[in-house]
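Let me give you the structure first, and then I'll get to my questions.
Throughout, read-outs are computed from the coordinates displayed, never taken from laboratory work. These figures come from a predicted structure and were not determined experimentally. Neighbour counts run over all protein chains shown; Cβ positions are idealised from the backbone, glycine included.
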């Protein structure tokens with residue numbers, strides 16, 4: 001189908017991809033027409049902006065958190081949108097991302113496109129129907145994700161290179177000449193007003209027959225500048241032409257990499273009125289050396305004078321490294337007349353956000369729009385756990401917090417903020433009197449006072465011994481570990497249902513429990529993003545102290561101040577899975593029995609502390625912190641996912657693992673949840689059925705048996721390091737690796753021999769008798 005106007009210029013993209021590792025705010029999407037679109041930040045999404053303002057109003061009119069949460073839910077549903085109910089996740093994000101006023105999560109709406117017209121079926125859309133019931137007029141465009149063209153340089157068939165704003169102005173001039181036959185809406189996709197193709201008869205929205213003029217589309221450039229801190233810029237081609245000419249004529253040193261390319265004082269454009277032309281050799285056999293750029297206004301780059309105006313090509317452009325100007329084009333207001341937001345950009349190192357040292361300006365590098373390093377999303381997922389099952393509050397907390405909130409809601413105190421009310425009315429002595437008068441049982445008054453204060457004031461005292469991410473997983477692990485059965489018999493448990501199975505005798509010495517998770521709910525949000533290299537979270541352990549540092553400073557998905565954000569977009573998926581909890585006691589016995597062999601096999605991972613400044617530091621630290629148990633449980637997870645491909649037909653791309661591994665004495669975890677992944681159709685009981693007592697032993701055995709042989713053996717079996725950073729031992733795509741979307745650790749930290757080796761394998765005794773002749 002040919003796109004002829006702005007109303008059709010939409011790009012279909014699954015809502016689950018919008019918050020994936022490769023897409024989201026700040027990413028560049030390749031459209032089916034071959035153009036590149038930069039996804040705008042969430043505060044440019046109309047539906048999000050509207051809901052955020054409404055929740056802000058709700059918050060300003062009510063100080064009771066529970067009432068605000070319920071009112072926000074009602075408001076979101078009233079507007080036809082999906083309310084994502086995960087209060088535990090909201091509490092975590094409020095602290096982790098320092099969003100003091102975050103109230104709830106908002107589901108991203110699903111807007112499928114009509115194949116014939118490339119527009120949403122808005123008339124029958126559930127959101128529109130909900131709005132009509134509420135007597136609200138809505139438009140499909142209000143519920144679609146906004147974006148803008150990037151790069152902003154386009155060229156026509158003649159090689160004329162201009163920014164899209166110039167091409168659009170040319171189009172407006174052509175519209176005036178055609179007396180209303182053409183409109184700005186027809187400049188989609190971007191077209192060359194000077195290259196008319198044909199006229200044909202068509203119909204407008206009223207059904208009247210009209211003449212439609214068709215012009216040739218423009219071609220977008222595909223080179224951009226990216227920064228490790230997440231910034232993004234177009235190549236300033238007039239400045240590049242002058243800089244390269246100065247290099248060719250020896251006005252600059254050979255090692256000059258264009259530090260000041262963006263500076264009009266030190267480099268500047270080729271002339272005051274550049275008219276650039278882009279030409280390419282038909283064979284393109286020389287790569288960038290066969291692409292030439294010149295200015296038809298001043299003649300720079302045309303080769304007319306070898307000494308002053310040599311011919312300029314793009315050869316060596318990959319070595320260009322200008323100082324970053326801190327541009328954030330994804331935050332630019334929709335429209336062409338708004339300046340691109342920017343900020344100061346400095347070099348960052350792991351932990352530099354906590355130091356007071358001055359750093360030099362960061363450098364950018366050239367990249368293709370479609371290159372993998374142009375975008376790395378940093379997301380976080382939450383398994384829904386009812387707050388009463390994840391609660392670590394001391395005895396008496398809920399009763400006291402309810403009484404304090406009721407007191408604050410009294411008309412006498414309505415003009416006091418929470419901080420003022422706390423300082424004036426809630427002293428330790430007053431709290432003790434309240435406890436005594438209300439006959440509330442308390443075990444630890446000091447801990448109770450601190451927890452009530454933190455919760456009521458929405459603050460969090462910093463504790464260097466707590467890793468918030470680990471603590472979040474610990475809550476989930478404890479929910480499975482401490483409960484044999486959860487049935488969603490009321491709203492507070494809705495979204496989670498599981499039960500223990502009767503373990504076969506052969507598995508009782510390996511697992512504490514295996515559970516069938518009949519219903520589960522996973523919520524995903526995007527926290528921030530980086531470019532050039534992914535952001536890594538590095539946890540350093542010194543005794544009982546835990547220090548968390550980040551390898552880069554990611555860019556936020558919103559441009560508001562953090563205290564102005566009252567909701568976040570999220571994706572919610574329902575699924576099923578199997579939970580395995582290993583016996584820590586038996587792991588310890590196995591390790592002591594095979595200590596010599598295991599220490600020798602894994603010595604390269606644990607003899608030296610990882611360097612926090614090198615790539616892969618986050619994964620290396622995780623392996624270093626968790627010990628050999630990481631390889632053991634992670635490898636088992638992969639073998640089970642691969643076996644489920646055979647036993648119930650799910651490709652590993654439809655599965656996902658959730659690892660619960662920690663050697664922290666206070667939060668020791670040894671388990672894994674394998675579940676249906678986001679956007680998959682596999683939630684029909686296929687995985688749960690494999691967890692039946694009569695099947696689970698067979699599944700585990702067959703998964704191990706398949707791992708005995710690998711088409712890459714003996715190289716794989718005897719490997720001393722393979723995969724990225726050599727973080728795998730006996731593990732490759734033929735035997736152990738799964739789809740990268742299924743693995744939490746990028747297919748790293750794997751070794752099948754730790755499970756099946758006849759000498760030291762943890763699970764070797766399960767199948768050794770069956771495989772011997």
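Using r as the Cβ-Cβ distance of residue 609 and residue 713, and R0 as 41 Å, what FRET efficiency do you calculate, to the nearest 0.05?
Once the sixth-power term is evaluated, E becomes 0.80.
Rounded to the nearest 0.05, what FRET efficiency is calculated for residue 318 and residue 410 with R0 set to 60 Å and r the Cβ-Cβ distance?
Values: r = 67 Å, r/R0 = 1.12.
Here the calculated transfer efficiency is 0.35.
So, one more: To the nearest 10 degrees, how steep is helix 617-626 against the longest Cα principal axis of the chain, on a 0 to 90 scale?
0
How many percent of DSSP beta bridges within the chain run antiparallel, rounded to 5?
On the way: 88 of 92 bridges.
Once the DSSP bridges in the chain are tallied, antiparallel ones form about 95 percent.
Please give the helix 237-248 orientation as an angle from the longest Cα principal axis of the chain, in degrees from 0 to 90, rounded to the nearest 10.
Tilt of helix 237-248: around 80 degrees.
Rg/Rh for the range 685-739 to two decimals, with Rh computed the Kirkwood way over all alpha-carbon pairs.
On the way: Rg = 14.3 Å, Rh = 12.8 Å.
Rg/Rh for the range 685-739 comes to 1.12.
To continue, here is another question. What ranking, highest mean first, results for peptides 38-45, 287-294 when packing means the other Cβ atoms within 10 Å averaged over each residue? Can you show the working numbers first?
Details: 38-45: 22.2, 287-294: 17.8.
Answer by packing, highest mean first, reads 38-45, 287-294.
Then there's this: I'd like the distance separating the alpha-carbon centroids of the range 651-673 and the range 110-156, in whole Å.
Centre-to-centre distance over Cα atoms comes out at 39 Å.
If you average over every viewing direction, what projected area does the convex hull of the Cα atoms of the range 40-149 give, in nm²?
Details: hull surface 33.3 nm².
It is 8.3 nm².
How far apart, in nm, are two points set 7 Å out from the Cα along the Cα-to-Cβ line at residue 482 and at residue 595?
Computed distance between label sites residue 482 and residue 595 equals 3.3 nm.
Between residue 177 and residue 135, how many nm apart are label points set 7 Å from Cα along the C-beta direction?
Result for the modelled spin labels: 5.2 nm.
Taking 0.36 nm per residue of separation and subtracting the Cα-Cα distance, what length does fully extending residue 388 through residue 199 add?
Details: separation 189, 0.36 × 189 = 68.04 nm, distance 6.71 nm.
Stretched out fully, the residue 388 to residue 199 stretch lengthens by 61.3 nm.
Given axes a ≥ b ≥ c from the Cα gyration tensor, I'd like to know whether the range 586-654 is rounded (a/c under 1.5), prolate (a/b larger than b/c) or oblate. Mind dumping the intermediate values first?
Working: a/c = 3.39, a/b = 1.40, b/c = 2.42.
In terms of gyration-tensor shape, oblate.
Multiplying the sequence separation of residue 337 and residue 373 by 0.36 nm and subtracting their Cα-Cα distance, what value in nm do you get?
Numbers: separation 36, 0.36 × 36 = 12.96 nm, distance 2.96 nm.
So the extension gain works out to 10.0 nm.
Can you pull the three principal axis extents for the Cα set of the range 88-146, in Å, largest first?
Taking the Cα atoms of the range 88-146, the three principal extents are 46, 27, 18 Å.
Between residue 702 and residue 720, 0.36 nm times their residue separation minus their Cα-Cα distance comes to what?
Values: separation 18, 0.36 × 18 = 6.48 nm, distance 2.57 nm.
My answer for the length gained is 3.9 nm.
Moving to a separate point now. Could you sort 373-380, 230-237 so that the peptide with the highest average Cβ count within 10 Å comes first and the rest follow in order? Could the numbers behind the result be given before it?
Working: 373-380: 19.8, 230-237: 22.1.
Top to bottom by mean Cβ count within 10 Å: 230-237, 373-380.
Report the relative contact order of the chain, percent, no decimals, based on alpha-carbon pairs under 8 angstrom and at least 6 residues apart.
12
For the range 1-83, I need the span (max minus min coordinate) of the C-alpha atoms along each principal axis, in Å, sorted largest to smallest.
Between the extreme Cα coordinates on each principal axis of the range 1-83 lie 51, 29, 17 Å.
Could you give the nm distance between label points at residue 61 and residue 417, where each point is 7 Å from its Cα heading toward the beta carbon?
2.2
Arrange the peptides 422-431, 651-660, 140-149 so that the one whose residues have, on average, the most other Cβ atoms within 10 Å appears first.
Values: 422-431: 14.0, 651-660: 21.5, 140-149: 19.3.
Top to bottom by mean Cβ count within 10 Å: 651-660, 140-149, 422-431.
Give the angle, between 0 and 90 degrees and rounded to the nearest 10, that separates the Cα long axis of helix 46-61 from the longest principal axis of the Cα atoms of the chain.
For 46-61 against the chain, the angle is about 50 degrees.
Turning to a different aspect of this structure: What number, in percent, do you get for the relative contact order of the range 477-611 if the mean sequence gap of Cα pairs under 8 Å and at least 6 apart is divided by its residue count? Can you show the working numbers first?
Values: 157 pairs, mean separation 34.5, N = 135.
Once normalised by length, the contact order is 26 percent.
Over what distance in Å are the Cα centres of the range 48-93 and the range 250-284 separated?
51
Ratio to report: Rg/Rh of the range 121-161, with Cα atoms as the point set and Rh obtained by the Kirkwood method; give two decimals. The partial results should precede the final answer.
Values: Rg = 18.4 Å, Rh = 13.3 Å.
Computed over Cα atoms, the ratio is 1.38.
Return, ordered by residue number, the residues of the range 620-655 whose backbone nitrogen is under 15 Å from a label point located 7 Å along Cα→Cβ of residue 689.
Residues passing the 15 Å test: 644-651.
Right, another one. How long are the three semi-axes of the equivalent ellipsoid for the range 402-547, computed from the Cα gyration tensor as the root of 5 times each eigenvalue, in whole Å, largest first? If you can, show how the numbers build up before the last one.
Values: eigenvalues 282, 127, 69 Å².
Values for the range 402-547, descending: 38, 25, 19 Å.
Provide Rg over Rh for the chain; use the alpha carbon set for both Rg and the Kirkwood Rh (inverse mean inverse pair distance).
Working: Rg = 30.0 Å, Rh = 29.9 Å.
For the chain, the value is 1.00.
If you don't mind, another one. Hey, for a label at residue 114 modelled as a point 7 Å past Cα toward Cβ, could you say which residues of the range 1-37 have their backbone N under 16 Å away?
What the label zone holds, given the 16 Å backbone N cut-off, is 1-12.
Using a Förster distance of 41 angstrom, determine the FRET efficiency expected from the C-beta separation of residue 53 and residue 450, and round it to 0.05. Show your work: numbers first, answer last.
On the way: r = 34 Å, r/R0 = 0.84.
With a Förster radius of 41 Å, E is 0.75.
Is the shape of the range 217-259 rounded, prolate or oblate, going by the alpha carbon gyration tensor and its root eigenvalues a ≥ b ≥ c, with a/c under 1.5 for rounded and a/b larger than b/c for prolate?
Working: a/c = 3.65, a/b = 1.43, b/c = 2.56.
Oblate, because a/c is 1.5 or more while a/b does not exceed b/c.
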